[in-house]
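The values are calculated or read from the model by the stated rules, or taken from the named source; none is laboratory data. Quick caveat, the model's predicted, so the values are computed rather than measured. Note that each Cβ is placed from the backbone with ideal geometry, even for glycine, and that neighbours are counted across all protein chains shown.
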Amino acid sequence: MIRKTIAFALVAVFGLALTARADGVADFYRSKTVKILVGSGVGAGYDHFARATVRFLKLPGNPTIIVQNMPGAGGLIAANYLYKIAPKDGSIIGLINRYTVVQAIIGNKRAEYDPTKFIWLGTPATYEEDPYVLIVRSDHPLKTVEDIRNAKEPLIVGNTGSDIARILSPALGMKVKVIEYKEKGAVDIAIERGEVDAMGIAYANLRVRHPDWIEKKKVRALVQFVRKRSPMLPDVVASSELALSREQQSLLSFVEIPLSAAYPFVLSPGLPEDRVAAIRKAFDEVLVHPAYKQEILKQGLAYSPKNGEEVAQYIKELLAAPPEAIARYKEYVGVRGGKKKKDKKKKSE
């Protein structure tokens, strides 16, 4: 009887402690404005996911939640802010560039953060099921990867800083010439005009930005950058089928792993544990909310959510990359937020 009384008392005390913690979190947020800080400009894929998430994210105390865009330096400005400057109180949630971790691994001096200390919440989508693809104008005479490898003239690829375009040659042996633009819209125009032959794009984004290209078969997907073919594009070759050597495969993997954590939401290190738990619970609920899924799909975006633990596993894979992959990445892709190697710049039109 005494033992039962003690047990009931402990349960009661534990329950009161949890209630007090929950009340403390709600009290903190009640008069706050919480920001989702996005490391890209308005209208980009990251921005679309942030604004959809804002509409469904419910935190204790019902604070106002808004989106703040902080583009620049390939996402490094936002990542640095989250790590060094943002208040460590749970009032800022980050949506950072998927290659943020890569930039720290390769030793980019502008990456002033330790990616292992970010708190990973998850991603609403990955590119495993709805892949990132290399599309080519349908009227282009080169029809296969082998054609491009053996061509006399290179395939002209329009790009806006994507890592994928820069590893087509070293990882897949394709003969390409990458032309850099400042804006995605300028690449789209260049494709329309025939000024470039190809571009890399998330297939979901292609459906949103240019459904007519698909309907009228103006372009075709040549390669999908996934470990195995997506059921969505069963007839399009996967990049993993094309690497010719172990070195090429390791470089390809290093670039593709971030695509699995396509839109990573994070928290700054050093936040109070009770607020981290509250934000994580709220974010997990958003990811599986039927109306959220419907909203994402209505916009034509990809929906294949992964929780924080799953995203953290991708980060571990990146951190375990072999030195030769890191060295080849630095040679062919380089650092964000500064000059890149072996490219030609072209102004937006």
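Every residue, every condition in (1) at pLDDT below 95; (2) assigned to a loop (DSSP other than H, G, I, E, B), yes or no:
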{"residue": "Leu271", "(1), (2)": "no, yes"}
{"residue": "Lys281", "(1), (2)": "no, no"}
{"residue": "Glu285", "(1), (2)": "no, no"}
{"residue": "Ile296", "(1), (2)": "yes, no"}
{"residue": "Gly300", "(1), (2)": "yes, yes"}
{"residue": "Glu310", "(1), (2)": "no, no"}
{"residue": "Arg336", "(1), (2)": "yes, yes"}
{"residue": "Lys339", "(1), (2)": "yes, yes"}
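Give the number of residues within the stretch 24-48 that are among the β-branched types (Val, Ile, Thr) and touching a Leu at 6+ places or on another chain (Cβ under 7 Å).
Total satisfying the criteria: 3.
Would you confirm whether or not the stretch 207-225 contains a residue that is within 28 Å of Gln313 (Cβ to Cβ), at pLDDT below 95 and either touching a strand residue (DSSP E or B) at 6+ places or on another chain (Cβ under 7 Å) or assigned by TED's automatic domain parsing to the domain that holds Gly161 (or both)? Among the residues of the stretch 207-225, not one is within 28 Å of Gln313 (Cβ to Cβ), at pLDDT below 95 and either touching a strand residue (DSSP E or B) at 6+ places or on another chain (Cβ under 7 Å) or assigned by TED's automatic domain parsing to the domain that holds Gly161 (or both), which makes the answer no.
Based on this model, can you work out whether Ile93 counts as buried (at least 20 other Cβ atoms within 10 Å of the Cβ), under 18 Å from the mean Cα position of the chain (by Cα), of a type in the set (A, V, I, L, M, F, W, C) and more than 24 Å from Leu242 (Cβ to Cβ)? The answer is yes for Ile93. Does the stretch 107-126 contain at least one residue that is modelled with pLDDT of 95 or more, of a type in the set (Asp, Glu), more than 12 Å from the chain's Cα centre (by Cα) and not assigned by TED's automatic domain parsing to the domain that holds Asp197? Scanning the stretch 107-126 turns up at least one residue that is modelled with pLDDT of 95 or more, of a type in the set (Asp, Glu), more than 12 Å from the chain's Cα centre (by Cα) and not assigned by TED's automatic domain parsing to the domain that holds Asp197. Please determine whether any residue of the stretch 47-68 is modelled with pLDDT under 95, under 30 Å from Glu331 (Cβ atoms) and either in the same structural domain as Gln299 (by TED's automatic domain parsing) or part of a loop (DSSP other than H, G, I, E, B) (or both). The answer is no, given that none of the residues of the stretch 47-68 is modelled with pLDDT under 95, under 30 Å from Glu331 (Cβ atoms) and either in the same structural domain as Gln299 (by TED's automatic domain parsing) or part of a loop (DSSP other than H, G, I, E, B) (or both). For the stretch 204-221, the count of residues that are crowded, with 16+ Cβ neighbours inside 10 Å, among the acidic types (Asp, Glu) and part of a helix (DSSP H, G or I) is zero.
Yes or no: the stretch 186-197 includes at least one residue that is at pLDDT 95 or above, outside any loop (DSSP other than H, G, I, E, B) and touching a Leu at 6+ places or on another chain (Cβ under 9 Å). No - not one qualifying residue is present in the stretch 186-197. Looking at Val208, Val196, Val226, Val236, which is the one that is in contact (Cβ under 8 Å) with a residue 24 or more places away in the chain and within 27 Å of Thr116 (Cβ to Cβ)? On inspection, the qualifying residue turns out to be Val226.
Tell me, yes or no, whether the stretch 178-188 has at least one residue that is free of Cβ contacts under 8 Å to residues at least 60 places away in the same chain, in contact with a Phe, Trp or Tyr (Cβ under 6 Å, 6 or more places away or on another chain) and of a type in the set (A, V, I, L, M, F, W, C). Yes, the conditions are met somewhere in the stretch 178-188.
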